[in-house]
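Written below as C-alpha coordinates is the structure these notes are about.
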Amino acid sequence: MLTIYSDDHRLHHGKGELNDGELQPCYECPERADQVLEAVRRAKLGDIVLPDDFGLGPVRAVHDVRYVDFLQRAWGLWAAEGRSSDALPLAWPVRGMRQLEPDYIDGKLSYFSFDAGTPITAGTWTAVTTGANIAVTGAARLLAGDASAFALSRPPGHHAARDYFGGYCFLNNAAIAAQYLRDNGASRIAILDVDYHHGNGTQSIFYDRSDVLFVSIHADPKNEYPFFLGHADERGAGDGDGYNLNLPLPWQSGADKWFAALETGLTRVREFAPDYVVVSLGVDTYVGDPISQFRLESDDYLEMGSRIAALGMPLLFVLEGGYAVAEVGTNVTNVLLGATR
Ligand code: SS9
Ligand code: ZN
(Lines give C-alpha, C1' and ligand atoms only; values in the text may rest on other atoms or scores of the structure.)
(Ligands and ions follow the chains in the order given, each with its own letter.)
Protein backbone atom coordinates (compact mmCIF):
# COMPACT_ATOMS: atom_id res chain seq x y z
CA MET A 1 0.00 0.00 0.00
CA LEU A 2 1.28 3.44 -0.95
CA THR A 3 1.66 6.05 1.80
CA ILE A 4 1.42 9.76 0.96
CA TYR A 5 3.26 12.00 3.41
CA SER A 6 4.87 15.44 3.74
CA ASP A 7 6.85 17.10 6.53
CA ASP A 8 4.58 20.17 6.17
CA HIS A 9 2.42 18.86 9.02
CA ARG A 10 5.13 20.17 11.40
CA LEU A 11 4.13 23.73 10.49
CA HIS A 12 0.96 23.21 12.52
CA HIS A 13 2.10 22.95 16.11
CA GLY A 14 -0.31 24.41 18.63
CA LYS A 15 0.85 25.22 22.12
CA GLY A 16 -2.27 24.62 24.13
CA GLU A 17 -5.91 23.54 24.19
CA LEU A 18 -8.58 24.07 26.80
CA ASN A 19 -8.92 20.78 28.69
CA ASP A 20 -10.34 20.10 32.15
CA GLY A 21 -10.61 23.85 32.63
CA GLU A 22 -6.95 24.56 31.95
CA LEU A 23 -4.81 25.43 28.96
CA GLN A 24 -2.85 22.19 28.48
CA PRO A 25 -0.33 21.05 25.84
CA CYS A 26 -2.05 20.06 22.60
CA TYR A 27 -2.72 16.34 22.29
CA GLU A 28 -2.71 16.75 18.53
CA CYS A 29 1.06 17.15 18.02
CA PRO A 30 3.72 16.56 15.31
CA GLU A 31 5.10 13.53 17.19
CA ARG A 32 1.91 11.65 16.25
CA ALA A 33 2.78 11.74 12.56
CA ASP A 34 6.45 10.98 13.32
CA GLN A 35 5.36 7.81 15.09
CA VAL A 36 3.03 6.75 12.28
CA LEU A 37 5.67 7.41 9.61
CA GLU A 38 8.25 5.43 11.57
CA ALA A 39 5.84 2.51 12.00
CA VAL A 40 4.96 2.52 8.28
CA ARG A 41 8.69 2.29 7.49
CA ARG A 42 9.26 -0.42 10.08
CA ALA A 43 6.35 -2.48 8.75
CA LYS A 44 7.58 -2.07 5.14
CA LEU A 45 4.05 -1.19 4.14
CA GLY A 46 5.20 0.11 0.75
CA ASP A 47 6.50 3.25 -0.95
CA ILE A 48 6.18 6.64 0.73
CA VAL A 49 5.66 9.56 -1.66
CA LEU A 50 5.07 13.31 -1.47
CA PRO A 51 1.63 14.69 -2.40
CA ASP A 52 0.90 16.38 -5.72
CA ASP A 53 -0.43 19.94 -5.66
CA PHE A 54 -4.09 20.14 -6.72
CA GLY A 55 -4.55 23.79 -5.81
CA LEU A 56 -7.63 24.93 -3.90
CA GLY A 57 -10.20 23.49 -6.33
CA PRO A 58 -10.81 20.24 -4.40
CA VAL A 59 -10.91 22.16 -1.09
CA ARG A 60 -13.48 24.65 -2.41
CA ALA A 61 -15.59 21.77 -3.75
CA VAL A 62 -16.31 20.90 -0.10
CA HIS A 63 -15.70 24.04 1.98
CA ASP A 64 -17.36 27.45 1.83
CA VAL A 65 -15.36 30.06 -0.09
CA ARG A 66 -15.55 32.62 2.75
CA TYR A 67 -14.35 29.99 5.24
CA VAL A 68 -11.38 29.03 3.06
CA ASP A 69 -10.47 32.73 2.69
CA PHE A 70 -10.73 33.15 6.45
CA LEU A 71 -8.39 30.20 7.12
CA GLN A 72 -5.88 31.59 4.66
CA ARG A 73 -5.92 35.06 6.26
CA ALA A 74 -6.50 34.22 9.93
CA TRP A 75 -2.93 34.09 11.18
CA GLY A 76 -2.00 37.30 9.37
CA LEU A 77 -4.97 39.16 10.89
CA TRP A 78 -4.16 37.79 14.34
CA ALA A 79 -0.44 38.64 14.10
CA ALA A 80 -1.32 42.14 12.85
CA GLU A 81 -2.83 42.75 16.32
CA GLY A 82 0.66 42.26 17.75
CA ARG A 83 -0.06 38.80 19.11
CA SER A 84 2.45 35.99 18.98
CA SER A 85 0.47 33.33 20.87
CA ASP A 86 -1.75 30.82 19.02
CA ALA A 87 -5.05 32.18 17.74
CA LEU A 88 -8.04 30.84 19.69
CA PRO A 89 -11.73 31.80 19.58
CA LEU A 90 -13.63 33.29 22.51
CA ALA A 91 -17.39 33.18 22.06
CA TRP A 92 -19.91 31.44 19.81
CA PRO A 93 -23.13 32.55 18.08
CA VAL A 94 -25.55 30.18 19.83
CA ARG A 95 -29.37 29.97 19.75
CA GLY A 96 -30.99 33.29 19.00
CA MET A 97 -27.81 35.18 18.13
CA ARG A 98 -27.00 36.66 14.71
CA GLN A 99 -25.04 34.52 12.23
CA LEU A 100 -23.02 37.36 10.73
CA GLU A 101 -19.28 37.25 10.07
CA PRO A 102 -17.68 39.97 12.23
CA ASP A 103 -14.96 42.26 10.88
CA TYR A 104 -12.54 41.86 13.77
CA ILE A 105 -10.33 38.76 13.89
CA ASP A 106 -11.49 37.66 17.38
CA GLY A 107 -15.05 37.64 16.11
CA LYS A 108 -14.13 35.85 12.89
CA LEU A 109 -12.33 33.09 14.81
CA SER A 110 -15.46 32.50 16.86
CA TYR A 111 -17.82 32.69 13.87
CA PHE A 112 -15.86 30.01 11.96
CA SER A 113 -15.30 27.56 14.85
CA PHE A 114 -17.11 25.44 17.43
CA ASP A 115 -14.52 24.85 20.18
CA ALA A 116 -11.51 26.34 21.98
CA GLY A 117 -9.27 23.33 21.48
CA THR A 118 -8.13 24.06 17.95
CA PRO A 119 -5.44 26.75 17.83
CA ILE A 120 -4.37 28.41 14.58
CA THR A 121 -0.61 28.93 14.30
CA ALA A 122 1.65 30.67 11.78
CA GLY A 123 2.00 27.51 9.69
CA THR A 124 -1.51 26.10 9.99
CA TRP A 125 -2.65 27.16 6.52
CA THR A 126 0.32 25.50 4.78
CA ALA A 127 -0.04 22.36 6.90
CA VAL A 128 -3.76 21.94 6.26
CA THR A 129 -3.60 22.63 2.53
CA THR A 130 -0.81 20.07 2.24
CA GLY A 131 -3.01 17.68 4.24
CA ALA A 132 -5.80 18.13 1.70
CA ASN A 133 -3.33 17.50 -1.14
CA ILE A 134 -2.23 14.31 0.61
CA ALA A 135 -5.80 13.02 0.72
CA VAL A 136 -6.49 14.01 -2.91
CA THR A 137 -3.24 12.38 -4.05
CA GLY A 138 -4.49 9.18 -2.40
CA ALA A 139 -7.86 9.53 -4.13
CA ALA A 140 -6.09 10.02 -7.46
CA ARG A 141 -4.18 6.78 -6.90
CA LEU A 142 -7.43 4.89 -6.40
CA LEU A 143 -8.82 6.44 -9.61
CA ALA A 144 -5.64 5.21 -11.34
CA GLY A 145 -6.40 1.68 -10.16
CA ASP A 146 -4.59 1.18 -6.86
CA ALA A 147 -6.47 -1.15 -4.50
CA SER A 148 -5.65 1.02 -1.49
CA ALA A 149 -3.68 4.04 -0.28
CA PHE A 150 -2.83 5.70 3.02
CA ALA A 151 -3.03 9.48 3.44
CA LEU A 152 -0.68 10.16 6.35
CA SER A 153 -1.60 13.70 7.27
CA ARG A 154 -2.21 15.83 10.31
CA PRO A 155 -3.99 17.72 11.73
CA PRO A 156 -7.08 15.51 11.29
CA GLY A 157 -10.18 16.60 9.37
CA HIS A 158 -13.42 14.86 10.27
CA HIS A 159 -14.72 17.50 12.72
CA ALA A 160 -14.34 20.30 10.15
CA ALA A 161 -17.59 21.16 8.35
CA ARG A 162 -18.32 23.25 5.26
CA ASP A 163 -17.65 26.50 7.14
CA TYR A 164 -16.23 25.84 10.58
CA PHE A 165 -13.19 24.35 12.32
CA GLY A 166 -12.93 22.54 15.65
CA GLY A 167 -11.87 19.25 17.21
CA TYR A 168 -8.27 19.82 16.00
CA CYS A 169 -9.62 19.90 12.40
CA PHE A 170 -9.61 22.66 9.74
CA LEU A 171 -10.07 21.06 6.32
CA ASN A 172 -12.03 17.82 6.05
CA ASN A 173 -9.48 15.67 4.23
CA ALA A 174 -11.72 12.59 3.97
CA ALA A 175 -14.64 14.65 2.60
CA ILE A 176 -12.34 16.42 0.13
CA ALA A 177 -11.05 13.05 -1.11
CA ALA A 178 -14.58 11.64 -1.40
CA GLN A 179 -15.79 14.68 -3.35
CA TYR A 180 -12.73 14.48 -5.61
CA LEU A 181 -13.58 10.84 -6.40
CA ARG A 182 -17.16 11.89 -7.22
CA ASP A 183 -15.97 14.72 -9.43
CA ASN A 184 -13.68 12.38 -11.35
CA GLY A 185 -16.01 9.61 -12.39
CA ALA A 186 -17.14 7.70 -9.31
CA SER A 187 -20.88 7.39 -8.73
CA ARG A 188 -21.06 6.38 -5.10
CA ILE A 189 -18.61 6.79 -2.22
CA ALA A 190 -18.89 5.37 1.28
CA ILE A 191 -17.07 7.06 4.14
CA LEU A 192 -16.48 4.77 7.10
CA ASP A 193 -15.43 6.76 10.17
CA VAL A 194 -13.85 4.57 12.86
CA ASP A 195 -12.41 7.41 14.95
CA TYR A 196 -13.53 7.42 18.60
CA HIS A 197 -15.27 10.75 18.07
CA HIS A 198 -18.26 11.32 15.82
CA GLY A 199 -17.26 12.84 12.47
CA ASN A 200 -19.69 15.72 12.75
CA GLY A 201 -18.06 17.66 9.93
CA THR A 202 -18.22 14.81 7.43
CA GLN A 203 -21.80 13.99 8.40
CA SER A 204 -22.96 17.56 7.93
CA ILE A 205 -21.17 17.99 4.59
CA PHE A 206 -22.97 15.02 3.03
CA TYR A 207 -26.15 14.95 5.14
CA ASP A 208 -28.58 15.76 2.32
CA ARG A 209 -26.92 13.61 -0.35
CA SER A 210 -27.49 10.02 -1.44
CA ASP A 211 -24.25 9.69 -3.45
CA VAL A 212 -22.01 9.70 -0.37
CA LEU A 213 -22.90 7.29 2.43
CA PHE A 214 -21.56 8.22 5.86
CA VAL A 215 -21.18 5.50 8.50
CA SER A 216 -19.64 6.32 11.89
CA ILE A 217 -18.84 4.25 14.98
CA HIS A 218 -18.12 6.51 17.95
CA ALA A 219 -18.65 7.31 21.60
CA ASP A 220 -22.22 8.38 22.36
CA PRO A 221 -22.40 12.19 22.07
CA LYS A 222 -24.57 12.27 25.20
CA ASN A 223 -21.30 11.90 27.11
CA GLU A 224 -18.58 12.65 24.63
CA TYR A 225 -17.21 15.32 22.34
CA PRO A 226 -18.47 16.68 19.94
CA PHE A 227 -21.67 16.44 22.07
CA PHE A 228 -24.05 18.07 19.56
CA LEU A 229 -24.11 15.58 16.69
CA GLY A 230 -23.74 11.82 16.26
CA HIS A 231 -26.98 10.39 17.64
CA ALA A 232 -28.47 7.22 16.15
CA ASP A 233 -31.60 9.01 14.93
CA GLU A 234 -29.60 11.23 12.54
CA ARG A 235 -30.29 9.33 9.32
CA GLY A 236 -29.87 12.01 6.66
CA ALA A 237 -32.26 14.58 5.17
CA GLY A 238 -34.04 15.05 1.85
CA ASP A 239 -32.28 13.01 -0.85
CA GLY A 240 -29.84 11.94 1.85
CA ASP A 241 -32.51 10.30 4.00
CA GLY A 242 -31.18 6.83 4.84
CA TYR A 243 -27.60 7.63 3.77
CA ASN A 244 -26.23 8.54 7.21
CA LEU A 245 -25.68 5.80 9.77
CA ASN A 246 -24.51 6.62 13.28
CA LEU A 247 -23.53 3.79 15.60
CA PRO A 248 -22.90 5.39 19.00
CA LEU A 249 -21.45 3.19 21.76
CA PRO A 250 -21.14 3.74 25.53
CA TRP A 251 -17.91 4.62 27.31
CA GLN A 252 -15.73 1.58 28.09
CA SER A 253 -16.87 -0.30 24.99
CA GLY A 254 -14.32 -2.96 24.01
CA ALA A 255 -13.82 -5.26 21.04
CA ASP A 256 -17.13 -7.14 21.44
CA LYS A 257 -19.36 -4.12 21.12
CA TRP A 258 -17.07 -2.31 18.69
CA PHE A 259 -16.81 -5.14 16.15
CA ALA A 260 -20.55 -5.83 16.37
CA ALA A 261 -21.10 -2.19 15.37
CA LEU A 262 -18.51 -2.55 12.60
CA GLU A 263 -20.45 -5.49 11.12
CA THR A 264 -23.63 -3.39 11.12
CA GLY A 265 -21.75 -0.60 9.37
CA LEU A 266 -20.09 -2.91 6.84
CA THR A 267 -23.43 -4.52 6.02
CA ARG A 268 -24.80 -1.06 5.14
CA VAL A 269 -21.69 -0.31 3.05
CA ARG A 270 -22.11 -3.59 1.12
CA GLU A 271 -25.76 -2.83 0.46
CA PHE A 272 -24.80 0.65 -0.81
CA ALA A 273 -22.20 -0.91 -3.18
CA PRO A 274 -19.90 2.11 -3.49
CA ASP A 275 -17.15 2.49 -6.10
CA TYR A 276 -14.70 3.54 -3.36
CA VAL A 277 -14.52 3.53 0.42
CA VAL A 278 -12.80 6.33 2.32
CA VAL A 279 -11.86 5.28 5.85
CA SER A 280 -11.54 8.06 8.42
CA LEU A 281 -8.87 6.21 10.37
CA GLY A 282 -8.67 7.37 13.95
CA VAL A 283 -7.16 5.03 16.52
CA ASP A 284 -8.28 6.97 19.60
CA THR A 285 -10.48 3.93 20.31
CA TYR A 286 -7.31 2.47 21.89
CA VAL A 287 -7.50 1.49 25.57
CA GLY A 288 -4.50 3.69 26.36
CA ASP A 289 -5.74 6.82 24.60
CA PRO A 290 -5.43 9.81 26.97
CA ILE A 291 -8.66 11.57 25.93
CA SER A 292 -10.91 8.61 25.09
CA GLN A 293 -12.95 5.90 26.84
CA PHE A 294 -13.00 2.83 24.57
CA ARG A 295 -10.95 -0.30 25.14
CA LEU A 296 -9.53 -1.63 21.86
CA GLU A 297 -6.13 -3.36 22.08
CA SER A 298 -3.32 -3.07 19.53
CA ASP A 299 -4.08 -6.51 18.02
CA ASP A 300 -7.71 -5.49 17.46
CA TYR A 301 -6.50 -3.07 14.79
CA LEU A 302 -5.23 -5.96 12.65
CA GLU A 303 -8.72 -7.43 12.80
CA MET A 304 -10.23 -4.04 11.99
CA GLY A 305 -8.13 -3.79 8.82
CA SER A 306 -8.89 -7.29 7.64
CA ARG A 307 -12.65 -6.91 8.17
CA ILE A 308 -12.69 -3.62 6.26
CA ALA A 309 -10.60 -5.12 3.45
CA ALA A 310 -13.04 -8.05 3.24
CA LEU A 311 -15.43 -5.56 1.59
CA GLY A 312 -13.31 -6.17 -1.50
CA MET A 313 -13.57 -2.48 -2.46
CA PRO A 314 -10.83 0.10 -3.17
CA LEU A 315 -9.87 1.72 0.14
CA LEU A 316 -8.45 5.14 0.93
CA PHE A 317 -7.32 5.39 4.54
CA VAL A 318 -7.11 8.96 5.83
CA LEU A 319 -5.48 9.54 9.23
CA GLU A 320 -7.71 11.16 11.85
CA GLY A 321 -7.22 10.94 15.65
CA GLY A 322 -5.16 8.77 18.01
CA TYR A 323 -3.39 10.48 20.91
CA ALA A 324 -1.48 7.70 22.68
CA VAL A 325 1.69 8.89 20.98
CA ALA A 326 3.86 5.87 21.81
CA GLU A 327 1.33 3.42 20.34
CA VAL A 328 -0.31 5.43 17.56
CA GLY A 329 2.15 4.17 14.93
CA THR A 330 1.65 0.51 15.79
CA ASN A 331 -2.12 0.84 15.96
CA VAL A 332 -2.49 2.67 12.64
CA THR A 333 -0.04 0.37 10.88
CA ASN A 334 -1.85 -2.68 12.24
CA VAL A 335 -5.04 -1.55 10.48
CA LEU A 336 -3.13 -1.08 7.22
CA LEU A 337 -1.31 -4.42 7.57
CA GLY A 338 -4.58 -6.14 8.40
CA ALA A 339 -6.05 -4.64 5.23
CA THR A 340 -3.24 -5.87 2.99
CA ARG A 341 -2.70 -9.41 4.29
C1 SS9 B 1 -10.84 16.24 25.83
C2 SS9 B 1 -11.29 17.33 24.92
C3 SS9 B 1 -11.56 16.83 23.56
C4 SS9 B 1 -11.52 17.53 21.22
C5 SS9 B 1 -11.15 16.19 20.75
C6 SS9 B 1 -11.00 16.14 19.27
C7 SS9 B 1 -10.58 14.80 18.77
C8 SS9 B 1 -10.32 14.78 17.32
N9 SS9 B 1 -10.90 16.61 27.22
N10 SS9 B 1 -11.31 17.82 22.60
S11 SS9 B 1 -10.12 13.19 16.60
ZN1 ZN C 1 -11.07 11.44 17.59
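Take the residues in region 281-295 that are crowded, with 19+ Cβ neighbours inside 10 Å and more than 9 Å from ligand 1 (Cβ to nearest atom); name whichever of them is nearest to Lys222 (Cα to Cα). Steps first, please.
Initially, region 281-295 is screened for residues crowded, with 19+ Cβ neighbours inside 10 Å, giving 281-286, 289, 292, 294-295.
Cutting the leftovers down to more than 9 Å from ligand 1 (Cβ to nearest atom) gives us 281, 283, 285-286, 289, 294-295.
Details: Leu281: 22, Val283: 21, Thr285: 17, Tyr286: 20, Asp289: 20, Phe294: 15, Arg295: 19 Å.
Step by step, filter region 281-295, then rank; the result is Phe294.
Among (1) under 21 Å from Gly321 (Cβ atoms); (2) among the small types (Gly, Ala, Ser); (3) in contact with a Gly (Cβ under 9 Å, 6 or more places away or on another chain), where does Gly242 come up short?
(1)
Within the group Ile205, Ile176, Ile189, Ile134, which residue is crowded, with 21+ Cβ neighbours inside 10 Å, under 22 Å from Ser306 (Cα atoms) and more than 15 Å from ligand 1 (Cβ to nearest atom)? Can you show your working first?
On the way: Ile205 fails: under 22 Å from Ser306 (Cα atoms); Ile176 fails: under 22 Å from Ser306 (Cα atoms); Ile134 fails: under 22 Å from Ser306 (Cα atoms).
Step by step, each of Ile205, Ile176, Ile189, Ile134 is checked, and only Ile189 is crowded, with 21+ Cβ neighbours inside 10 Å, under 22 Å from Ser306 (Cα atoms) and more than 15 Å from ligand 1 (Cβ to nearest atom).
Could you list, ordered by first residue, the pairs with Cβ atoms under 6 Å in which the first is in region 305-320 and of a type outside the set (Asp, Glu) and the second is part of a loop (DSSP other than H, G, I, E, B), at least 6 apart or interchain?
Pro314/Ala147; Leu319/Ser153
Return the residues of region 88-109 that are surrounded by 16 or more Cβ atoms within 10 Å (Cβ to Cβ) and either aromatic (Phe, Trp, Tyr) or not in a loop (DSSP other than H, G, I, E, B) (or both); say none if nothing qualifies. Please lay out each step first, then the result.
First, pick out the residues of region 88-109 that are surrounded by 16 or more Cβ atoms within 10 Å (Cβ to Cβ): 88-89, 105-109.
Within region 88-109, Ile105, Asp106, Gly107, Lys108, Leu109 meet the criteria.
Listed residues Asp208, Asp256, Asp239; which is in a loop (DSSP other than H, G, I, E, B) and more than 16 Å from ligand 2 (Cβ to nearest atom)?
Numbers: Asp256 fails: in a loop (DSSP other than H, G, I, E, B); Asp239 fails: in a loop (DSSP other than H, G, I, E, B).
Residue meeting the stated conditions: Asp208.
For region 157-201, give me the residue count where each residue is in contact with an Asp or Glu (Cβ under 6 Å, 6 or more places away or on another chain) and within 16 Å of ligand 2 (Cβ to nearest atom).
6
When residues of region 17-30 are filtered for being more than 20 Å from Glu224 (Cβ to Cβ) and either surrounded by 14 or more Cβ atoms within 10 Å (Cβ to Cβ) or within 10 Å of ligand 1 (Cβ to nearest atom) (or both), how many remain?
3
Tell me which residues, restricted to region 302-331, are within 16 Å of ligand 1 (Cβ to nearest atom) and of a type in the set (Ser, Thr, Tyr). Let's see the steps before the verdict.
First, the residues of region 302-331 that are within 16 Å of ligand 1 (Cβ to nearest atom): 317-325, 327-328, 331.
Answer for region 302-331, where residues must be within 16 Å of ligand 1 (Cβ to nearest atom) and of a type in the set (Ser, Thr, Tyr): just Tyr323.
Is it the case that region 228-239 has a residue that's modelled with pLDDT of 95 or more, under 22 Å from Tyr276 (Cβ atoms), touching a His at 6+ places or on another chain (Cβ under 6 Å) and buried (at least 24 other Cβ atoms within 10 Å of the Cβ)?
no
Is it true that some residue in region 138-146 is crowded, with 21+ Cβ neighbours inside 10 Å, at pLDDT 95 or above and assigned to a strand (DSSP E or B)?
So far as region 138-146 goes, no, none of its residues is crowded, with 21+ Cβ neighbours inside 10 Å, at pLDDT 95 or above and assigned to a strand (DSSP E or B).
Identify, from the list Ala127, Ala149, the residue that is more than 16 Å from ligand 2 (Cβ to nearest atom), part of a strand (DSSP E or B), of a type outside the set (Phe, Trp, Tyr) and surrounded by 20 or more Cβ atoms within 10 Å (Cβ to Cβ). Working first, answer last.
Working: Ala127 fails: part of a strand (DSSP E or B).
So the residue among Ala127, Ala149 that is more than 16 Å from ligand 2 (Cβ to nearest atom), part of a strand (DSSP E or B), of a type outside the set (Phe, Trp, Tyr) and surrounded by 20 or more Cβ atoms within 10 Å (Cβ to Cβ) is Ala149.
Scan region 259-313 for residues that are outside any helix (DSSP H, G or I), within 26 Å of Pro155 (Cβ to Cβ) and among the small types (Gly, Ala, Ser) and jot them down.
Ser280, Gly282, Gly288, Ser292, Ser298 - these are the residues of region 259-313 that are outside any helix (DSSP H, G or I), within 26 Å of Pro155 (Cβ to Cβ) and among the small types (Gly, Ala, Ser).
If I ask for residues that are polar (S, T, N, Q) and either within 16 Å of ligand 2 (Cβ to nearest atom) or free of Cβ contacts under 8 Å to residues at least 12 places away in the same chain (or both), which ones from region 104-124 would you list?
Filtering region 104-124 down to residues polar (S, T, N, Q) leaves 110, 113, 118, 121, 124.
The answer is Thr118, and nothing else.
The values are calculated or read from the model by the stated rules, or taken from the named source; none is laboratory data. Remember, predicted model here, so these are calculated numbers, not experimental data. For neighbour counting, all protein chains shown are included, and Cβ atoms are generated from backbone atoms with ideal geometry for every residue, glycine included.
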